[in-house]
Amino acid sequence: MILSRILARKRIAAGMRPSIRAAWAPVAFDTCVIALILGVLFLPIVSLTLAMGLSLFWRIVFLMVAVYVPFQIVVVISTIWAIRSRWDENA
């Protein structure tokens, strides 16, 4: 989300339309970074839910909010910036 946004804003300001690979490589990088971060945090989050004594339903809800939602937010926002950087008003 961070890298794709920074690069897309610079490209939009410069009036440059990047190639498909140049637009989507930062999205892949952002996705890998958030996946690594959430992968490292996954077991501590599961341990926290076990220590809290949550039922299976609430454990699933907690994991969705703590892991799945942040991942999806980063992927969607990165994708939006990749699309915006490739958008051509004249087409």
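Details
- Considering every alpha-carbon pair of the chain, the percent of pairs per 10 Å bin, from zero through the bin containing the longest distance, is 17, 36, 22, 16, 8, 1.
- With all protein chains modelled, accessible area of Leu38 [1.4 Å, Å²]: 20
- Relative contact order (percent, whole number), the chain, Cα cutoff 8 Å, 6+ residue spacing: 54
- Dipole magnitude of the chain about its Cα centre (Cβ charges: Lys, Arg +1; Asp, Glu -1), debye to nearest 20: 280
- Taken per residue, the accessible surface of the chain reaches 70 Å², heavy atoms only and a 1.4 Å probe.
- At least 15 Å along the helix axis (C-alpha) and Kyte average at least 1.0, DSSP helices within the chain: 20-52, 69-86
- As a fraction of the 1.4 Å probe accessible area of the chain, surface on carbon and sulfur atoms comes out at 74 percent.
The values are calculated or read from the model by the stated rules, or taken from the named source; none is laboratory data. Predicted, not measured: the structure shown is a model, and the values here were computed from it. Positions of Cβ are backbone-derived with ideal geometry, glycine not excepted, and every protein chain shown enters the neighbour counts. What goes into the accessible areas is simple: the full protein's heavy atoms, side chains included, and nothing from ligands, DNA or RNA. Shrake-Rupley method; radii C 1.70, N 1.55, O 1.52, S 1.80 Å.
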